[in-house]
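Would you mind keeping the following structure in view while I ask a few things?
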Amino acid sequence: MDQQQWQDFLSSRGAHWVDGAAHFSQDSDSTSGTDIQLIDLSPLGAIAVTGPDSQKFLQGQLTCDLVKLPDEHLTLGSHCNPKGRMISAFHALKIDQSQFVMLMPRDLVASALAALKKYAVFFKTELTDVSETQRWFGLNGRDIGTAASHLLCLSNSSDTDLIPGQLRSFDHNGHPALAAMLNERCVAIQVPNVQAADLWQKLEGNNARPGDYSHWQQQLIEAGIPQVHQSSSEMFIPQMLNLHLLGGVNFKKGCYTGQEVVARMQYLGAAKRRMYRAKIDKGDIPQAGEEIFTPAGGSSVGNLVEACTTGDEIELLAVLTKSKVADGESLQLSDGRVLELLELPYDADADPLASD
(Lines give C-alpha, C1' and ligand atoms only; values in the text may rest on other atoms or scores of the structure.)
Protein backbone atom coordinates (compact mmCIF):
# COMPACT_ATOMS: atom_id res chain seq x y z
CA MET A 1 0.00 0.00 0.00
CA ASP A 2 1.74 3.15 -1.21
CA GLN A 3 1.05 6.65 0.14
CA GLN A 4 -1.72 7.36 -2.38
CA GLN A 5 -3.48 4.09 -1.56
CA TRP A 6 -3.14 4.88 2.13
CA GLN A 7 -4.66 8.30 1.61
CA ASP A 8 -7.51 6.73 -0.35
CA PHE A 9 -8.09 4.27 2.50
CA LEU A 10 -8.29 6.98 5.17
CA SER A 11 -10.39 9.19 2.88
CA SER A 12 -12.92 6.37 2.73
CA ARG A 13 -13.05 6.57 6.53
CA GLY A 14 -13.76 10.29 6.64
CA ALA A 15 -10.33 11.90 6.31
CA HIS A 16 -9.38 14.86 4.17
CA TRP A 17 -5.80 15.80 3.51
CA VAL A 18 -3.93 19.07 4.07
CA ASP A 19 -0.19 19.25 3.36
CA GLY A 20 0.18 15.48 3.66
CA ALA A 21 -1.60 15.24 7.02
CA ALA A 22 -4.95 13.54 7.64
CA HIS A 23 -7.77 15.60 9.14
CA PHE A 24 -11.06 14.15 10.38
CA SER A 25 -14.45 15.77 10.83
CA GLN A 26 -15.64 17.14 14.14
CA ASP A 27 -18.57 14.71 13.90
CA SER A 28 -16.11 11.86 14.37
CA ASP A 29 -14.63 13.62 17.40
CA SER A 30 -17.96 14.34 19.06
CA THR A 31 -19.71 11.00 18.68
CA SER A 32 -17.00 8.55 19.64
CA GLY A 33 -17.34 8.60 23.43
CA THR A 34 -13.68 7.70 24.00
CA ASP A 35 -10.65 9.68 25.13
CA ILE A 36 -8.17 7.73 22.97
CA GLN A 37 -7.24 9.39 19.70
CA LEU A 38 -5.84 7.45 16.76
CA ILE A 39 -3.52 9.67 14.68
CA ASP A 40 -2.08 9.03 11.23
CA LEU A 41 1.59 9.99 11.42
CA SER A 42 2.24 10.23 7.68
CA PRO A 43 4.16 13.52 8.19
CA LEU A 44 6.79 11.45 10.04
CA GLY A 45 9.36 9.12 8.55
CA ALA A 46 12.10 6.89 9.90
CA ILE A 47 15.60 5.56 9.38
CA ALA A 48 16.39 1.96 10.36
CA VAL A 49 19.96 1.25 11.50
CA THR A 50 20.87 -2.44 11.61
CA GLY A 51 23.99 -4.58 11.86
CA PRO A 52 26.57 -5.64 14.50
CA ASP A 53 28.31 -2.23 14.62
CA SER A 54 25.13 -0.14 14.78
CA GLN A 55 25.45 0.97 18.39
CA LYS A 56 29.18 1.67 18.07
CA PHE A 57 28.59 3.73 14.93
CA LEU A 58 25.69 5.77 16.31
CA GLN A 59 27.44 6.36 19.64
CA GLY A 60 30.19 8.20 17.78
CA GLN A 61 27.74 10.37 15.85
CA LEU A 62 24.78 11.28 18.07
CA THR A 63 24.45 13.56 21.09
CA CYS A 64 22.55 10.96 23.14
CA ASP A 65 24.10 8.02 24.98
CA LEU A 66 22.90 4.77 23.42
CA VAL A 67 25.33 2.55 25.36
CA LYS A 68 23.65 3.36 28.68
CA LEU A 69 20.18 3.18 27.12
CA PRO A 70 18.64 -0.25 27.87
CA ASP A 71 17.27 -2.42 25.10
CA GLU A 72 13.62 -1.71 24.22
CA HIS A 73 13.88 1.91 25.33
CA LEU A 74 14.02 5.22 23.52
CA THR A 75 15.58 8.64 23.89
CA LEU A 76 15.62 11.99 22.19
CA GLY A 77 18.81 12.76 20.31
CA SER A 78 20.39 14.74 17.50
CA HIS A 79 23.04 14.46 14.82
CA CYS A 80 25.19 17.57 14.44
CA ASN A 81 27.57 18.89 11.84
CA PRO A 82 31.18 19.66 12.90
CA LYS A 83 30.06 23.16 13.94
CA GLY A 84 27.58 21.71 16.43
CA ARG A 85 24.51 22.63 14.37
CA MET A 86 21.76 20.03 14.35
CA ILE A 87 21.31 18.31 11.01
CA SER A 88 18.51 16.25 12.52
CA ALA A 89 16.69 15.60 15.78
CA PHE A 90 14.70 12.45 16.47
CA HIS A 91 13.44 9.85 18.87
CA ALA A 92 16.00 7.03 18.78
CA LEU A 93 14.36 3.67 19.44
CA LYS A 94 16.78 0.97 20.64
CA ILE A 95 15.46 -2.51 20.00
CA ASP A 96 18.86 -4.01 20.87
CA GLN A 97 22.51 -3.16 20.21
CA SER A 98 22.20 -4.09 16.54
CA GLN A 99 18.77 -2.58 15.75
CA PHE A 100 17.71 1.06 16.01
CA VAL A 101 14.96 3.21 14.53
CA MET A 102 15.22 7.01 14.25
CA LEU A 103 11.79 8.66 14.08
CA MET A 104 11.72 12.20 12.65
CA PRO A 105 9.77 14.47 10.28
CA ARG A 106 9.51 12.83 6.87
CA ASP A 107 10.83 15.90 5.05
CA LEU A 108 14.11 15.55 6.95
CA VAL A 109 14.80 11.85 6.36
CA ALA A 110 16.68 12.07 3.05
CA SER A 111 19.21 14.67 4.22
CA ALA A 112 19.56 13.06 7.66
CA LEU A 113 20.26 9.70 6.02
CA ALA A 114 22.83 11.19 3.61
CA ALA A 115 24.65 12.94 6.49
CA LEU A 116 24.87 9.75 8.56
CA LYS A 117 25.96 7.58 5.64
CA LYS A 118 29.06 9.71 5.13
CA TYR A 119 30.42 8.33 8.41
CA ALA A 120 29.12 4.75 8.18
CA VAL A 121 31.45 3.30 5.55
CA PHE A 122 33.89 1.78 8.04
CA PHE A 123 31.24 0.08 10.18
CA LYS A 124 29.21 -3.09 9.78
CA THR A 125 25.92 -1.27 9.80
CA GLU A 126 23.18 -0.57 7.27
CA LEU A 127 21.10 2.60 7.19
CA THR A 128 17.76 2.47 5.39
CA ASP A 129 14.93 4.90 4.80
CA VAL A 130 11.88 2.89 5.88
CA SER A 131 9.37 5.73 5.52
CA GLU A 132 7.63 4.00 2.61
CA THR A 133 7.75 0.40 3.88
CA GLN A 134 6.59 1.11 7.44
CA ARG A 135 3.51 3.04 8.55
CA TRP A 136 3.35 5.05 11.78
CA PHE A 137 0.26 5.67 13.93
CA GLY A 138 -0.09 7.67 17.12
CA LEU A 139 -2.27 7.01 20.14
CA ASN A 140 -3.01 10.03 22.36
CA GLY A 141 -4.88 10.24 25.63
CA ARG A 142 -4.83 9.82 29.36
CA ASP A 143 -3.39 6.60 30.77
CA ILE A 144 -2.16 5.94 27.25
CA GLY A 145 0.41 3.38 28.35
CA THR A 146 -2.29 1.15 29.79
CA ALA A 147 -4.71 1.81 26.92
CA ALA A 148 -2.10 1.08 24.25
CA SER A 149 -1.00 -2.10 26.00
CA HIS A 150 -4.59 -3.36 26.01
CA LEU A 151 -5.42 -2.25 22.46
CA LEU A 152 -2.27 -3.85 21.04
CA CYS A 153 -2.31 -6.87 23.40
CA LEU A 154 1.19 -6.01 24.62
CA SER A 155 0.73 -7.14 28.21
CA ASN A 156 0.93 -10.72 29.40
CA SER A 157 1.68 -12.38 32.70
CA SER A 158 5.33 -11.22 32.60
CA ASP A 159 4.91 -7.72 31.13
CA THR A 160 3.64 -4.50 32.61
CA ASP A 161 1.96 -1.70 30.71
CA LEU A 162 4.08 0.66 28.64
CA ILE A 163 5.76 3.49 30.51
CA PRO A 164 7.34 6.68 29.10
CA GLY A 165 10.67 5.98 27.44
CA GLN A 166 9.87 2.33 26.79
CA LEU A 167 9.14 0.48 23.56
CA ARG A 168 7.73 -2.98 22.97
CA SER A 169 7.99 -5.27 19.97
CA PHE A 170 4.79 -7.12 19.13
CA ASP A 171 3.34 -9.30 16.41
CA HIS A 172 0.46 -8.30 14.16
CA ASN A 173 -0.80 -11.07 11.90
CA GLY A 174 2.65 -12.62 11.81
CA HIS A 175 4.42 -9.33 11.04
CA PRO A 176 6.82 -7.53 13.44
CA ALA A 177 5.64 -4.19 14.81
CA LEU A 178 6.72 -1.69 17.48
CA ALA A 179 4.99 0.46 20.08
CA ALA A 180 6.99 3.28 21.69
CA MET A 181 5.75 5.52 24.50
CA LEU A 182 7.27 8.95 23.85
CA ASN A 183 5.79 10.66 26.92
CA GLU A 184 2.83 10.44 29.29
CA ARG A 185 0.27 11.05 26.52
CA CYS A 186 1.82 9.80 23.25
CA VAL A 187 2.47 6.30 21.94
CA ALA A 188 3.91 5.85 18.44
CA ILE A 189 3.21 2.59 16.59
CA GLN A 190 5.24 1.24 13.69
CA VAL A 191 3.64 -1.46 11.51
CA PRO A 192 4.56 -2.80 8.05
CA ASN A 193 2.73 -0.99 5.29
CA VAL A 194 0.94 -4.16 4.20
CA GLN A 195 -0.67 -4.44 7.65
CA ALA A 196 -1.46 -0.76 8.20
CA ALA A 197 -5.10 -0.79 7.10
CA ASP A 198 -5.87 -3.92 9.12
CA LEU A 199 -4.33 -2.54 12.32
CA TRP A 200 -6.02 0.86 11.83
CA GLN A 201 -9.42 -0.83 11.54
CA LYS A 202 -8.71 -2.97 14.59
CA LEU A 203 -7.83 0.06 16.71
CA GLU A 204 -10.76 2.07 15.41
CA GLY A 205 -13.05 -0.91 16.07
CA ASN A 206 -11.84 -0.90 19.68
CA ASN A 207 -13.05 2.68 20.14
CA ALA A 208 -9.88 4.64 19.36
CA ARG A 209 -11.29 7.62 17.48
CA PRO A 210 -9.48 9.13 14.47
CA GLY A 211 -7.94 12.51 15.19
CA ASP A 212 -6.00 15.18 13.33
CA TYR A 213 -2.21 15.22 13.14
CA SER A 214 -2.34 18.64 14.83
CA HIS A 215 -3.43 16.88 18.04
CA TRP A 216 -0.15 14.94 18.00
CA GLN A 217 1.82 18.11 17.36
CA GLN A 218 0.00 19.86 20.20
CA GLN A 219 0.97 17.17 22.69
CA LEU A 220 4.64 17.48 21.75
CA ILE A 221 4.55 21.28 21.81
CA GLU A 222 2.89 21.34 25.25
CA ALA A 223 5.56 18.89 26.46
CA GLY A 224 8.27 21.20 25.08
CA ILE A 225 9.62 18.53 22.72
CA PRO A 226 11.16 20.04 19.56
CA GLN A 227 11.24 18.78 16.00
CA VAL A 228 13.75 19.77 13.32
CA HIS A 229 12.50 20.07 9.75
CA GLN A 230 14.36 20.37 6.48
CA SER A 231 13.80 24.12 6.56
CA SER A 232 15.45 24.40 10.00
CA SER A 233 18.20 21.80 9.57
CA GLU A 234 21.65 23.10 10.65
CA MET A 235 20.03 26.17 12.21
CA PHE A 236 20.18 25.27 15.92
CA ILE A 237 22.69 23.98 18.46
CA PRO A 238 21.11 21.34 20.75
CA GLN A 239 20.96 23.64 23.79
CA MET A 240 18.90 26.13 21.80
CA LEU A 241 16.16 23.48 21.52
CA ASN A 242 16.47 22.52 25.22
CA LEU A 243 17.56 19.07 24.09
CA HIS A 244 20.08 18.87 26.94
CA LEU A 245 17.17 19.20 29.41
CA LEU A 246 15.19 16.40 27.76
CA GLY A 247 17.83 13.66 27.91
CA GLY A 248 18.92 14.21 24.31
CA VAL A 249 22.50 15.28 25.09
CA ASN A 250 25.00 13.48 27.31
CA PHE A 251 28.07 15.53 28.28
CA LYS A 252 30.08 12.55 29.58
CA LYS A 253 29.70 10.01 26.76
CA GLY A 254 32.82 10.99 24.83
CA CYS A 255 33.39 12.24 21.32
CA TYR A 256 30.80 12.61 18.58
CA THR A 257 30.52 14.89 15.59
CA GLY A 258 30.11 18.48 16.84
CA GLN A 259 30.81 17.48 20.45
CA GLU A 260 33.48 20.11 21.06
CA VAL A 261 31.15 22.98 20.16
CA VAL A 262 28.21 21.57 22.12
CA ALA A 263 30.34 20.95 25.22
CA ARG A 264 32.02 24.35 25.07
CA MET A 265 28.68 26.12 24.89
CA GLN A 266 27.47 24.22 27.94
CA TYR A 267 30.54 24.58 30.13
CA LEU A 268 31.02 28.25 29.27
CA GLY A 269 27.31 29.05 29.58
CA ALA A 270 27.45 30.75 26.20
CA ALA A 271 23.97 29.97 24.89
CA LYS A 272 22.28 33.30 24.20
CA ARG A 273 19.09 31.72 22.85
CA ARG A 274 16.82 28.94 24.05
CA MET A 275 13.46 27.46 23.18
CA TYR A 276 10.22 28.91 24.55
CA ARG A 277 6.58 27.90 24.24
CA ALA A 278 4.10 30.50 23.00
CA LYS A 279 0.85 31.11 21.16
CA ILE A 280 -0.29 33.54 18.47
CA ASP A 281 -3.58 34.49 16.86
CA LYS A 282 -5.00 32.05 14.34
CA GLY A 283 -4.09 32.50 10.68
CA ASP A 284 -1.56 30.96 8.37
CA ILE A 285 0.60 28.43 10.20
CA PRO A 286 4.18 29.74 10.29
CA GLN A 287 6.85 27.44 8.91
CA ALA A 288 9.81 25.98 10.77
CA GLY A 289 12.75 28.36 10.67
CA GLU A 290 10.62 31.49 10.13
CA GLU A 291 12.26 34.52 11.74
CA ILE A 292 10.93 36.43 14.74
CA PHE A 293 11.46 40.15 15.32
CA THR A 294 10.79 42.97 17.74
CA PRO A 295 8.24 45.60 16.59
CA ALA A 296 11.13 47.93 15.79
CA GLY A 297 12.29 45.44 13.19
CA GLY A 298 15.95 45.07 12.40
CA SER A 299 17.80 41.82 13.00
CA SER A 300 16.04 38.58 13.80
CA VAL A 301 15.75 37.74 17.51
CA GLY A 302 14.68 34.13 17.02
CA ASN A 303 13.24 31.41 14.81
CA LEU A 304 10.14 29.28 14.88
CA VAL A 305 10.63 25.57 15.64
CA GLU A 306 7.15 24.02 15.33
CA ALA A 307 3.56 25.26 15.20
CA CYS A 308 0.06 23.82 15.03
CA THR A 309 -3.54 25.05 15.13
CA THR A 310 -5.44 24.52 18.39
CA GLY A 311 -8.97 25.88 18.39
CA ASP A 312 -8.87 29.62 17.71
CA GLU A 313 -5.12 29.94 18.29
CA ILE A 314 -1.82 28.60 17.09
CA GLU A 315 0.55 27.02 19.63
CA LEU A 316 4.24 26.98 18.89
CA LEU A 317 7.78 26.46 20.04
CA ALA A 318 10.35 29.11 19.15
CA VAL A 319 14.03 29.74 19.82
CA LEU A 320 14.33 33.30 21.16
CA THR A 321 17.09 35.57 22.40
CA LYS A 322 17.02 35.24 26.19
CA SER A 323 17.88 38.87 26.86
CA LYS A 324 14.95 40.08 24.73
CA VAL A 325 12.57 37.87 26.69
CA ALA A 326 14.05 38.97 30.02
CA ASP A 327 13.63 42.61 29.04
CA GLY A 328 9.94 42.00 28.35
CA GLU A 329 10.17 43.13 24.74
CA SER A 330 7.28 42.34 22.42
CA LEU A 331 8.18 39.63 19.91
CA GLN A 332 6.34 39.00 16.67
CA LEU A 333 6.32 37.22 13.34
CA SER A 334 6.96 39.11 10.13
CA ASP A 335 3.16 39.39 9.62
CA GLY A 336 2.78 41.25 12.92
CA ARG A 337 1.25 38.49 15.06
CA VAL A 338 2.59 38.87 18.60
CA LEU A 339 3.88 35.93 20.63
CA GLU A 340 2.29 35.34 24.03
CA LEU A 341 4.74 33.25 26.04
CA LEU A 342 3.50 30.18 27.91
CA GLU A 343 5.01 27.95 30.56
CA LEU A 344 7.07 24.89 29.68
CA PRO A 345 6.55 21.73 31.77
CA TYR A 346 10.22 21.68 32.81
CA ASP A 347 12.74 24.15 34.21
CA ALA A 348 14.36 25.62 31.11
CA ASP A 349 17.08 27.25 33.24
CA ALA A 350 18.14 24.03 34.99
CA ASP A 351 21.78 22.89 34.86
CA PRO A 352 21.90 19.37 33.37
CA LEU A 353 25.55 19.01 34.41
CA ALA A 354 24.41 18.87 38.04
CA SER A 355 22.75 15.49 37.47
CA ASP A 356 24.38 14.20 34.26
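The values are calculated or read from the model by the stated rules, or taken from the named source; none is laboratory data. These numbers were taken from a predicted model, which means no experiment stands behind them. Please note: Cβ atoms are built from the backbone with ideal geometry, for glycine as well, and neighbour counts cover all protein chains shown. These area figures cover heavy atoms from the full protein model, side chains too; ligands, DNA and RNA do not enter into them. Shrake-Rupley method; radii C 1.70, N 1.55, O 1.52, S 1.80 Å.
Please work out the FRET efficiency for the pair THR309 and ASP96, using the Cβ-Cβ distance as r and a Förster radius of 45 Å; give the result to the nearest 0.05. Before the final figure, lay out each step's value.
Working: r = 39 Å, r/R0 = 0.87.
Rounded to the nearest 0.05, the efficiency is 0.70.
If you don't mind, there's one more thing I want to ask. Can you tell me the length gained on complete extension of the stretch LYS252 to ASP107, counting 0.36 nm per residue apart and subtracting the Cα distance?
Separation in residues times 0.36 nm, less the Cα-Cα distance, equals 49.1 nm.
Pop a pseudo-label 7 angstrom from the Cα along the beta-carbon direction at both GLN4 and ALA270 and give the gap in nm to one decimal.
Going by the 7 Å Cα→Cβ label model, 5.1 nm.
Using θ = phi - 60° and the Karplus form 6.51 cos²θ - 1.76 cosθ + 1.60, what ³J(HN,Hα) does each residue of region 304-312 get, whole Hz, x for Gly and Pro?
Whole-Hz 3J(HN,Hα) from phi for region 304-312: 6, 9, 7, 8, 8, 7, 9, x, 9.
What full-extension length gain, to one decimal in nm, is calculated for ASN81 and ASP53 as 0.36 nm per residue of separation minus the Cα-Cα distance?
Gain on stretching ASN81 to ASP53: 7.9 nm.
Now for a separate question. On a C-alpha basis, how far is the centre of region 90-147 from the centre of region 195-214 in Å? Whole number, if you could?
Comparing the Cα centres of region 90-147 and region 195-214, I get a distance of 22 Å.
Over the chain, calculate the relative contact order: mean separation of alpha carbon pairs under 8 Å at least 6 apart, over the residue count, as a percent.
Details: 759 pairs, mean separation 65.3, N = 356.
Relative CO of the chain lands at 18 percent.
Here's another thing I want to ask about it. Please work out how much accessible surface LYS117 shows to a 1.4 Å probe, ignoring ligands, DNA and RNA, in Å² rounded to 10.
100
If one puts a single equal scatterer on every Cα of region 92-222 and applies the Debye formula without solvent, what log₁₀ I(q)/I(0) results at q = 0.10, 0.11, 0.17, 0.19 Å⁻¹?
With no solvent term, the Cα-only Debye profile gives -0.35, -0.43, -0.99, -1.20.
Could you work out the relative contact order of region 230-356, using alpha carbon pairs under 8 angstrom and six or more residues apart, expressed as a whole percent?
Reported relative contact order: 27 percent.
Then there is this: Where does the chain land at 222 nm, in deg cm²/dmol rounded to the nearest 500, when only DSSP H runs of n ≥ 4 count, each adding -39500 (n - 2.57), divided by all residues?
For the chain, the value works out to -5500 deg cm²/dmol.
Take the solvent-accessible surface of the protein heavy atoms, probe 1.4 Å, and return the percent of it on the chain that carbon and sulfur atoms account for.
Percent of accessible area from carbon and sulfur atoms in the chain: 48.
Would you please give the FRET efficiency between VAL194 and CYS153, computed as 1/(1 + (r/R0)^6) with r the Cβ-Cβ distance and R0 = 25 Å, to the nearest 0.05?
E between VAL194 and CYS153, to the nearest 0.05, is 0.80.
Any number yet on Rg/Rh for the chain, C-alpha, Kirkwood?
Dividing the radius of gyration by the Kirkwood radius yields 0.96.
In vacuum, with every alpha carbon of region 157-272 counted as one equal point scatterer, what does the Debye formula give for log10 I(q)/I(0) at q = 0.16, 0.18, 0.23 Å⁻¹? Two decimals, please.
Here log10 of I(q) over I(0) equals -0.97, -1.10, -1.37.
Now a separate question. Under 5 Å between amide hydrogens, which residues at least 5 positions from ARG274 or on another chain qualify, with H placed 1.01 Å from N in the peptide plane?
Under 5 Å from the amide H of ARG274: LEU320, LYS322.
How much accessible surface area, in Å² rounded to 10, belongs to the heavy atoms of SER111 with a 1.4 Å probe?
40
Sticking with this one: Could you report the chain's accessible area per residue, 1.4 Å probe, as an integer in Å²?
It amounts to 43 Å² per residue over the chain.
Within the set LYS83/LYS253; LYS253/LYS279; LYS56/LYS272; LYS68/LYS279; LYS68/LYS117; LYS68/LYS272, which residue pairs have Cα atoms separated by over 28 Å?
LYS253/LYS279; LYS56/LYS272; LYS68/LYS279; LYS68/LYS272
Taking H as built 1.01 Å from N, whose amide H comes closer than 5 Å to the amide H of SER42, not counting residues under 5 places away?
ALA22
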